[in-house]
Each structure stands twice: as C-alpha cells, then as structure tokens.
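Down below is the structure, laid out as structure tokens.
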There are 2 protein chains.
Amino acid sequence: MKATIRDVAKLAGVSISTVSRVMNSPQSVVESKRRKVLEAVEQLSYQPNSFARGLIYRKSFTLGLLIPDIENMYYAGIIRGMQEACNKLGYSLMICNTDRDSARLLSYIDTFHEKQVDGIVFASDRMSPEYYEKLSAYRIPVVMLSSHSDEFEIPSIEVDDEAAAYDAVKYLIGLGHQKIAMMGFNDVNSVSGPPRLKGYLRALSDGGIDAASLLGRVKHAAHYFEHAYEAAHELFMEYPDTTAVFCVADEFAMGTISYLKDQGVSVPEQVSVIGFDNIRMAGIYIPKLTTIAQPTFELGYRSAEKLHELITTGQTEIMREKLLHKLIIRESAGTVS
Amino acid sequence: MKATIRDVAKLAGVSISTVSRVMNSPQSVVESKRRKVLEAVEQLSYQPNSFARGLIYRKSFTLGLLIPDIENMYYAGIIRGMQEACNKLGYSLMICNTDRDSARLLSYIDTFHEKQVDGIVFASDRMSPEYYEKLSAYRIPVVMLSSHSDEFEIPSIEVDDEAAAYDAVKYLIGLGHQKIAMMGFNDVNSVSGPPRLKGYLRALSDGGIDAASLLGRVKHAAHYFEHAYEAAHELFMEYPDTTAVFCVADEFAMGTISYLKDQGVSVPEQVSVIGFDNIRMAGIYIPKLTTIAQPTFELGYRSAEKLHELITTGQTEIMREKLLHKLIIRESAGTVS
C-alpha cells in the first residue's frame, strides 16, 4: 500500500504539518526534525501525488507558461531561463502554446486551473478584461512577461521597448543614414509595437530628421520572415532610396535581407538592416545580424523568480520591472556608401 | 456553491455514468439524453475540475509532450502539428523540456503522472529501461516520436532515417561529388544517428565510391550551429579537397556554411552543403538550404492521433509507423565546378 503523509509523520515522530513544511519550505524546519522526516520519506518511498498534495498543501509545485507562438524563436531563450529558475526553485514547468487564439488561451487558463498550477507566466500578449477576470476568479498568481498591463495591477517584466528602438535607430543615424525605414508588427494588439514606433520617431527627431516625411516607410509584417519579405518588397518598390531598415524582430531583418539578396542588393554595402531580440539565429545569419539584444534568458529566469515571490509572499517587491537591452554590432549595418 | 456531477445528473434526469459518458465519449449517448445533459451542464455552469474528473472519469483530457531541447527549431513544427491534433481531439497539450537531462526527464514523468495526463508523446530520446519502468508502473500510454525502441513494445512514428540519408548523399553524388563529408550527431545516445551514417555509407558504396576512404571525413557536432561551425573548421583543415558536406541537421548545414563563408569559400559554387529536417529557417538562410524535409507537422499530428488511439482503444493499428521524407532542392548544393 502507498505510504501517506500520516505514515511519514508517524514514523518520523512529528506532526503532519511538520512533514508538510519540510516538503514546502524546508528551511523553516530545524535540521534535526528535517532529517527525521526526510529519512521517513526515503524509508517509506513516500511520494505525494498531486491530488493529495493539492488538497493538503494547496501547492502543486508547477508553474505554467502561456506563450503565443512556439515557432517564434524569441521564446526559446525565455523558456530556457524560466526552466533554469524552476529547477532552482523546485518547480516543474508546463508550457502551453496559445497560437494567439483567444479561445485557446482561455481554455488553457482553465486547464492550468484544473491542474492546480501555482502560478502562470503570461507572455507577450495583451491582458484582456476577459483573461483578467478568469485569472482573478481562479485566484491564480500571474506575472506578465515581455508585456505589461496599464489597466490591471499585475507584476510584469520586460525591456524598455521605446528606449531600445531609439538606440537602434540612433545607431543607424550615427552611421550616416537618413532615409531610414521601419518594419513593425501589424498586430493591432501588439504591446511592444507602439513604444517601438515611438522610439523610432523620437530618434529621427533627435537626429534632426523630419520624421513625418518618413512615415510612409513604416511598413508592417505579421510574425514570420515570409511576411517581412513581402513587406520589404512593398517598401523598396515605393521607396527605392531607402538606405537602412529598422526591424522590430530579427526574423523581420532576415526576411528583409533575404528579399534584398534576391534582388541582388547587398547588405550592408547598399542597404543596412538592424534587427531586434538577438535570437540564437542572429549570430549565424549571413550577414550576421546587428541587433538589439533582449536578455531573453534573464527575462525568463526573473519571471519565474518573480512569480515565486508572488506565490510565496502574495506580492512582488518591484511591480513593473525592466531589464536592460543592448546593441549588438555585427555585420548587417554599415555606413552609407 | 459549485455544481457537481450529481447535480447535473439529477437535473438532467439521467444517471451519473451517463453524464460521464457525455463528457467522455458523447457519440455513445443517444441524442435526446445527450441534449438534456448538455443543457443541465450549461444551466448549472458545471465544470469538472481535474481532481473530480480524475477520480470519476479517470481522464484529464490532457496530453504531455516531452522534448529534449526547446531551442531546437525542429520541435516547432512538431508542436504545431500536435497542437492541431489536440484541438481536434479535445485535448490540452502540455509541453515539458527535458534539456536531455535524465533526472529531469524522470521528474517530468512524475509530474505528468501527478497531473494525470492521459498519455505522453516521448520525442527524440532513447527509451532507457529506467524511463520505461516508470512509465509502465504509472500505466501511462506512450508514443515515441522521431525515435523508436528495439527493446520495448512502444508504438512509434518517425521517418526512415537510413533511406533519407541515402537520398541526400545520392543527390550529391548525382551532382558529381565524390569527396563527400558527413556531419553527424556526437550524442552517443542518438537514435537517428546510426541509421543516417548507414545511409551515407550505403549511398557512397552504391555510387561506386570507396566509403572506407572517406571515414575520416565523418565529423560530429553537438546540437547547435556553433558546434557545427567548429567541426567544419576541423573538417576543412584536415580535408581541404572536400567538395560536399551531408549534414544531419539544418543547423549543422548553417554552421558549416557560416564557417565556409567566413573563410571566403562560396556555397554552392565551391562547396555544396545539404541539410536535414527542413526547419522553418531553411528556406530563408542565405543561400537557401537544399535539405531533406521531415514532415514535422504530420509527425506531430499523427503522434497525437496515435496516442489518442492508444488511450481510447488500448492499442494502435500500426506499431512502428514511418512517414515519408522528401528532398527539397534549393540553393546550397550544386554541381562540382
């Protein structure tokens, strides 16, 4: 017969709540008692199952991650960081891919609730009232990652998108570029889209460039390089004198470069392209991408730590946390010829 | 107060087991009763939670996916396919990333058991006796994906690695190449590694090339392009007359091309490179990769269907299923100059 928490408590000669504390926050139990409990656990091959655990401890030691698009390489680094923090903190990590589908996202919140995850990291999406209502009703702790909410009080962690875009465009201006285009997200719900456009425009103004005259060169693409490839076609058909393109994603930069290459235009000799994210592929593309690095590993790692803080203390020290971006200079942007 | 399955049965005027059947296999319940149950469910806002569901139905409507490396772009297509099938079949999909760490994999099997997933897709890894023992003890249905087991009776789905490698190398020989190197996996536990090496050697022999004389040109890399970049350096230092490289992963092909490009060697004009997998990046790399496509979407989709078949019927019609690979000709391989 399977050992229960009662059996463990009896064998160790301690109370059930002491066993529970050893399983949940071992540092709160004195060494001598802790050792007795762990020996009893070992001896009885005691393994709390999630039903019992959920009922007794109200903790499942599992965190959930909701991401909008598993095919987007941006999340690989995020997940790696989150996984690392989960290992350190003793959580399992369960990932669900919403495919930017609101019904699916809602259904995954239900699933996470049913599976009694201790908390959810909600990545890159806008927090709609509908999502918020459900999360609140379930009382599931949530941290927003690479996103934030102006309407709801939810802890978040991200980079400063406006400043990051500013730095990218300022770098291009420093290389002598004036006719600088932008390739942004066409997702109307994009959280990072508006601040990146703002950063682009502010850098142009600060650089003495008439931002209004360049607005036609602000193109949009959906999430993949194919879309960026098409948007690049449109851009260069309309504005062939464009000498540099600021892309809000490395995939967009790759799509743009691929288009230019297919047209016989060389990067960075004839046109400079700068990306955003610094995904793992950025360093191996040809040419290697100059880009704005997001600290994806740290973003993932900190989001799990922050969620743990929220779960265990009911609050987070910093409500809206920003991590630093960094300009990575490689090969895809150069001086105007 | 929350409605229970009893409340639903009472209101609908049916037995509890009928309610259970409507939730689990609606097609087994006559239309009139089904409608009554669904109306009662609606009226009471009845939502089975996983505790109750687990106890009453012994089904959680969740599938688990164990993948070795979330950063490997190969899994993006797999996950998309699996997700699609899960949507169709009414499952939630939970993904756990093992990082090729055996302790973590075992711990995720525990987690999946605790969360009462209905079944697990076990991707790309070797089925060790230890894993098998745990899965059997928990009686969790398992399908192996892009892997198989010779020791254990486990349904699996994958491509024919030997034939796929053969086709890649045969294509290079057809272009006139003789000094064909190979870049394989250095993972001793790799399931697909040995058959791909076999296919390479068989194609050489069939092409009238002395395979033994080329064995020194079989290099190995770990999982990422950085490793392939280094292995390419080693290869071309030792065998500068190599005119073509068969890579067992698109990332290896990209690492090889990146190395050659940094040495001023042009692909495919001076050296041809062929990849494997046809990940989403293959078509946008510069040059675009000629590669062996794995039907990743279908592999993922079929793995979920197969697992569903196993869960609902206790068996699968086909034990070892193989899907077809396909040679995709793009730009990275050409005739010998």
Solvent exposure, largest accessible area first (probe 1.4 Å, DNA, RNA and ligands not counted), of A:Tyr259, A:Tyr224 = A:Tyr224, A:Tyr259
R0 = 41 Å: FRET efficiency of A:Leu44 with A:Asp110, Cβ-based, nearest 0.05?
-> 0.70
Relative to the other copies, what are the label-point distances for B:Glu31, with labels 7 Å from Cα along the C-beta vector, expressed in nm at one decimal and sorted shortest first?
-> 7.4
Mind pulling up the Rg/Rh value for the range B:239-322? Radius of gyration and Kirkwood radius, both on Cα.
-> 1.23
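Could you do me a favour and compute the accessible area per residue for the protein assembly as shown, 1.4 Å probe, result in Å²?
For the protein assembly as shown, the solvent-accessible area averages 41 Å² per residue.
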Got a sec? What order do A:Met73, A:Met319, A:Met144 fall in by accessible area at 1.4 Å, biggest, i.e. largest, first?
-> A:Met319, A:Met73, A:Met144
Check: C-alpha center the range B:104-168 vs C-alpha center the range A:151-220, spacing in Å is 46 Å
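Which net charge results when you count Lys and Arg as +1 and Asp and Glu as -1 among the other residues whose beta-carbon is under 13 Å from that of A:Tyr132? Provide the component values of the computation, followed by the final result.
Numbers: positive: A:Arg126, A:Lys134, A:Arg139; negative: A:Asp125, A:Glu130, A:Glu133, A:Asp150, A:Glu151, A:Glu153.
Local charge sum for A:Tyr132: -3.
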Between chains A and B, what is the buried accessible area summed over both chains (1.4 Å probe, protein heavy atoms, nearest 100 Å²)?
-> 5100 Å²
Between A:Asp210 and A:Ser32, what is the spin-label point distance in nm, taking each point 7 Å from the Cα along the Cα→C-beta axis?
-> 8.4 nm
Distance in nm between pseudo-label sites at A:Tyr138 and A:Lys198 (7 Å out along the Cβ direction from Cα) = 3.1 nm
Share (percent) of C-alpha pair distances in the protein assembly as shown greater than 50 Å works out to 18 percent
Mind listing the label-point distances from B:Ser213 to the same position on all other copies, shortest first, one decimal in nm, points 7 Å along Cα→Cβ?
-> 6.6
Using alpha-carbon coordinates, inclination of helix B:296-313 to the longest axis of chain B, degrees | 40 degrees
Over its alpha-carbon atoms, the range A:165-220 yields an Rg and a Dmax in Å of 10.8, 34
Could you work out which residue, out of B:Leu324, B:Leu299, B:Leu65, moves most in a Gaussian network model of chain B, that is, has the largest mean-square fluctuation with Cα springs under 10 Å?
-> B:Leu324
Using only the Cα atoms of the range B:176-252, build the gyration tensor, take square roots of its eigenvalues as a ≥ b ≥ c, and label the shape rounded, prolate or oblate: rounded if a/c is under 1.5, else prolate if a/b is larger than b/c, else oblate.
-> oblate
At a 1.4 Å probe radius, carbon and sulfur cover how many percent of the accessible area of the protein assembly as shown?
-> 51 percent
Keeping every protein chain in place, order A:His148, A:His177 by accessible area at 1.4 Å, biggest value first, i.e. largest first.
-> A:His148, A:His177
Coarse-grained scattering of the range A:92-170 at q = 0.18 Å⁻¹, given as base-10 log I(q)/I(0) from a Debye sum over alpha-carbon atoms = -0.75
DSSP bridge orientation in the protein assembly as shown - percent antiparallel, rounded to nearest 5 | 10 percent
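The values are calculated or read from the model by the stated rules, or taken from the named source; none is laboratory data. For clarity, every value in this text was computed on a predicted model and none was experimentally measured. Virtual Cβ from ideal backbone geometry, glycine too; neighbours counted across all protein chains shown. Remember, those area values only see protein heavy atoms, side chains included, never the ligands or the DNA or RNA. Shrake-Rupley method; radii C 1.70, N 1.55, O 1.52, S 1.80 Å.
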